[in-house]
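All remarks here apply to the structure that follows.
Throughout, read-outs are computed from the coordinates displayed, never taken from laboratory work. For clarity, every value in this text was computed on a predicted model and none was experimentally measured. Every residue, glycine as well, gets a Cβ built from its backbone with ideal geometry; the counts of neighbours run over all protein chains shown.
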Amino acid sequence: MHDLSLTQMAKGLTDRKFSSVELTQTFLERIRKLDPQLNSFITVTETEALETAKQADRRLAEEKHSPLTGIPLAHKDLFCTEGVKTTCGSRILDNFVAPYNATVVEKLAQAGAVSLGKTNLDEFAMGSSNESSFYGAVKNPWNLDAVPGGSSGGSAAAVAARLVPAATGTDTGGSIRQPAAFCGITGIKPTYGRVSRWGMVAYASSLDQGGPMARSAEDCALLLQHMAGFDPRDSTSIQRAVPDYLSLLDEPLQGLTLGLPKEYFGADLNPQMAERLQAAIAELEKLGASVKEVSLPLTRLAIPAYYVIAPAEASSNLSRFDGVRYGHRCADPKDLEDLYKRSRSEGFGEEVKRRILVGTYALSEGFYDAYYRKAQQLRRLITQDFQKAFNEVDLLLAPTTPTPAWDLGSKTSDPVQMYLEDIYTLGVNLAGLPAISVPAGLVGGRPVGMQLIGNHFDEGRLLNVAHQFQQVTDFHLKAPELN
Amino acid sequence: MQWEAVIGLEVHVQLATQSKIFSGSSIAFGAEPNTQANVIDLGMPGVLPVLNEKAVEMAIKFGLAVHAEIPERSVFERKNYFYPDLPKGYQTSQMAEPIVGLGYLDIPLEDGGIKRVRIHHAHLEEDAGKSLHEDFHGMTGVDLNRAGTPLLEIVSEPDMNSAREAVAYLKAIHAIVTYLGISDGNMAEGSLRCDANVSVRPKGQEKLGTRCEIKNVNSFRFVEKAINHEIQRQIELIEDGGRVIQQTRLYDPDLDETRAMRSKEEANDYRYFPCPDLLPVELDEAYIQHLKETLPELPEQKRQRFTEQLGLSAYDAGVLSSSRALAEYFDRVVELSGDAKLAANWVTGELSAQLNREGIEIEQAPVAPEQLAGLLKRLQDDTINGKAAKQVFAALWAGEGHTADEIIEAKGLKQVTDTGAIEAVIDEVLAANPAQVEQYRAAEPEKRGKMVGFFVGQVMKASKGTANPQAVNQLLAKKLEG
């Protein structure tokens, strides 16, 4: 049952082959059995899940259901859930229970999905390895010595290990795509403004975007259908109709031009991964697509631009965690300053502190022009680069990461080295573009991700191409062996 | 040495919207602590701001009223600092691209002159909450009802040279915002707050002296006192060989002094940057034009109309246009009585005096414009004399009757113009004071003028004030001649 796609599950539910309660129990059982090895969940809401599943079964019986009714999923623990702890992977929110639901959570609940709990992540979504969580590192189900990627590492590992058929993620600099690639699943980062950020705890507001993580493009399409849309509570969400993604999946690829940005296929790229990608490109060509080399000359500069803008916004976004109204407060503060200093020093982990300091510095008087303003200028130029490319091609095709998942602990002592691993994902966030990561094989037993990047609001075409690719390949069907 | 003070004001005006600038919470004053604070105002994780369009509209109306540029685009920025009543750890404000650009205000001075004060810009921002230091032994309470209340901060150029000018400017701002209906202007409740930047320099010197900022002076009277005190402090400091240090000072109305809060060196680096949760505000010409057309008659225009069309003095026109409610009251009395000068005398005289005595605003005056106009009509048609009119006004004020006519009737204040009746009273008075009559008749004709006052007084007293004073004068003159 746990290997079915969302569409197959929905059919099973409507055909009464199994109930939502049975489905939910199956996955809860797998979480109980397998997650101690992976640590992909922070909170499992068994009681609430079974209660919701019962309601879903009633709705299914009354035939008042949506395609997601009764389907289990999990939320990255960055989305606020009313009545259920929302930790952001941080000690500072270890005791925090949000009094409201994120729009994404609300929408999926309204569609009848059954939340099994909250998945682990890098603290406040800051990280590429899921090692910065207060709740401990998540392990990659393909190799328990490897990282699952980050920051949505819990969601990716849980979906890959079939602990849950789908999960929500957020992507600020690659946090959906990179863990999807490392764990061999499919994840789409939508256009900035496509999915509401209300209730999604902010890391870098101008870059953050929520999206689905599942095993196939088809499953992602179904989820995105229910997550996307204008939200009057988010001023940056965009008032624009959501297309019927599922109906676009079967469009033929004849006449499609894929651009291969040469900077993404350079010396940084692991040669075996390059081979997997070439094979994938050949498959797409067989389906009727043509390819063309393009150039995104500022690719490397996305790293410094991102690592100024994201920490700058984070330094301000994380100021509200001050020990005054909620979250961790130090014991017996002497005075106000002591309350701030100790609550925040004790509450935040190393990586979060590092980014707060970097961001504070970048915004300081005398440094603003040299760092923040310059980074914003770069951001505009990087966006223009992408626009130029889209004048020539329909979509871009690239690796999601330069290497497969690395070993746990191998990069924790050198944060800059870890930042460099984000080179293929950051530009997309700076330009606000949609992009999807699709499994494209294994290297050394570790998954390889192929990234497709679209122009603004071209999610339909990304899902279409990814789906067509998955009709002729079986990488996305492969499961890691876990006992 | 002759010193010159240079003053600039930063005025925070609380806008009279229904809800907060970035959330749907009410901004009504005086609610129980934290009952008007939703998840946004509390700075919960994951919440996002949505700009209140009404606040933008009000800011633009102000801009138009002070002849300011309204830029097509303005940007909200975050001003970052930690304080317990600042829930997000930053205040959403505007810095590089404010909603209202350069403008000016012509303010009437007490000597009848006009002073032009330039307005550097005005920007929108959210208010912080309140820290409550009483009632929490050894602890501080935080009330976030006020957090997120929309404020318009109006920053003047340092164009004022005395405390009186500063007060006149502040009054003019107060008048404009209340005329526009964009603020209730209630200073006691903090709807209008003022920081003053004060420096002094030798008269004639171009270069500005070092300034001090006086925080939160919250009444017209305190603004004047605080600035005067600060000017004096700086002059004395310099004359004693000292030097003014740039700092923020707090005015203490109880001791009538300012004291240092923090110096420039201790000032925060606020790390302003554009708020990524809010899009830039983009305005089109048609929208601004539409708002322009909805502007009411403003103090400046009213003042002009009062002097040019109604023939009032500059002073009266200035007083009467100082608040929209007062001007509207006056306009209504003029409309009903048809006599602008008489209306002006009564509104600036008896009515204003009574308001001051009771410490209430024109809106709370128990005498409605209709009632006052009714009273003035009886003055105009000689039904009552001036003295009786004051009695009628007092009675109206005290609620002893609904109309002037009712009171005149009830109190028998109708003026006696019947010469026979007056003559009879005069005869009585003359018969009762033979010695004075004798003196009068013996006096030189040029001294008699003064002596006649005694008889007039006696006659008015005997008639309980109802005799027509003109008739009394004429008849007395005749009778005393014998």
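The table below lists the values:
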| quantity | calculated |
| --- | --- |
| Dipole-positive endmost among B:Ile40, A:Thr191, A:Pro99 within the protein assembly as shown (Cβ charges, Cα centre) | A:Thr191 |
| Cα-based reach from B:Lys130 at 14 Å (exclusive), listing aspartates and glutamates while leaving out same-chain residues under 8 positions away | B:Glu32, B:Asp41, B:Asp85, B:Asp143, B:Glu189 |
| Rounded to 5, percent antiparallel among DSSP beta bridges of the protein assembly as shown | 85 percent |
| Taking B:Met160, B:Met460, B:Met261, B:Met139 and counting other C-beta atoms within 10 Å, the order from fewest to most | B:Met139, B:Met261, B:Met460, B:Met160 |
| Chain B: projected area of the alpha-carbon convex hull, averaged over directions, in nm² | 32.3 nm² |
| Hull-based mean projected area of the stretch A:261-350, where the convex hull spans the alpha carbons, in square nanometres | 10.0 nm² |
| Rg/Rg_globular for the stretch B:419-481, with Rg_globular taken as 2.2 N^0.38 Å and Rg from C-alpha atoms | 1.02 |
| Within-14-Å neighbourhood charge of A:Pro36 [Cβ basis; K, R +1; D, E -1] | +2 |
| In sequence order, calculated HN-Hα J values of the stretch B:3-15 (Karplus, 6.51, -1.76, 1.60; Hz; x Gly/Pro) | 10, 10, 8, 10, 10, x, 10, 10, 10, 9, 10, 7, 7 |
| Debye log10 I(q)/I(0) for the stretch A:10-164, one point scatterer per Cα, at q = 0.10 Å⁻¹ | -0.34 |
| Semi-axis lengths (Å, descending) of the ellipsoid that matches the C-alpha gyration tensor of chain A | 31, 29, 20 |
| For B:Phe273, residues with placed amide H under 5 Å, excluding near neighbours | B:Arg78 |
| Ascending count of other beta-carbon atoms within 10 Å, so fewest first, for B:Cys194, A:Cys220 | B:Cys194, A:Cys220 |
| Stokes-Einstein D (µm²/s) once Rh is taken as the Kirkwood radius of the stretch B:132-256 over alpha-carbon pairs, at 4 °C in 1.567 mPa s | 78 µm²/s |
| Size of charge dipole - chain B - debye, nearest 20, with Cβ of Lys, Arg +1 and Asp, Glu -1, no other charges | 1060 debye |
| Farthest positive-ward along chain A dipole, Cα basis, beta-carbon charges - from A:Gln470, A:Leu163, A:Thr119 | A:Thr119 |
| Other-chain or far-sequence residues with amide H under 5 Å of B:Lys115's (modelled H) | B:Ile107, B:Leu109 |
| Pairwise Cα inverse-distance average, inverted: Kirkwood Rh of the stretch B:362-426 (Å) | 12.3 Å |
| In the stretch A:56-139, the trypsin sites (Lys or Arg not before Pro) that fall in loop regions by DSSP, at most 13 other Cβ within 10 Å | A:Lys64 |
| Likely footprinting exposure, A:Cys330, B:Cys212, A:Cys80, A:Cys88, fewest C-beta neighbours within 10 Å first | A:Cys330, B:Cys212, A:Cys80, A:Cys88 |
| The protein assembly as shown: C-alpha pair distances exceeding 39 Å, % | 56 percent |
| Charge-dipole axis of chain B as Lys and Arg at +1 and Asp and Glu at -1 on Cβ define it, positive-most pick from B:Pro276, B:Val437, B:Ser162 | B:Val437 |
| Histogram of C-alpha separations across the stretch B:89-170, 10 Å bin width, % | 16, 30, 25, 21, 8, 0 |
| Centroid-to-centroid separation of the stretch A:201-262 and the stretch B:283-355 [C-alpha atoms, Å] | 59 Å |
| Cross-link partners of A:Lys64 among lysines (Cα-Cα below 26 Å; sequence separation of 8 or more within a chain) | A:Lys11, A:Lys17, A:Lys54, A:Lys107 |
| Estimated dipole of the protein assembly as shown in Debye, rounded to 20 [Cβ of Lys and Arg +1, of Asp and Glu -1, Cα centre] | 720 debye |
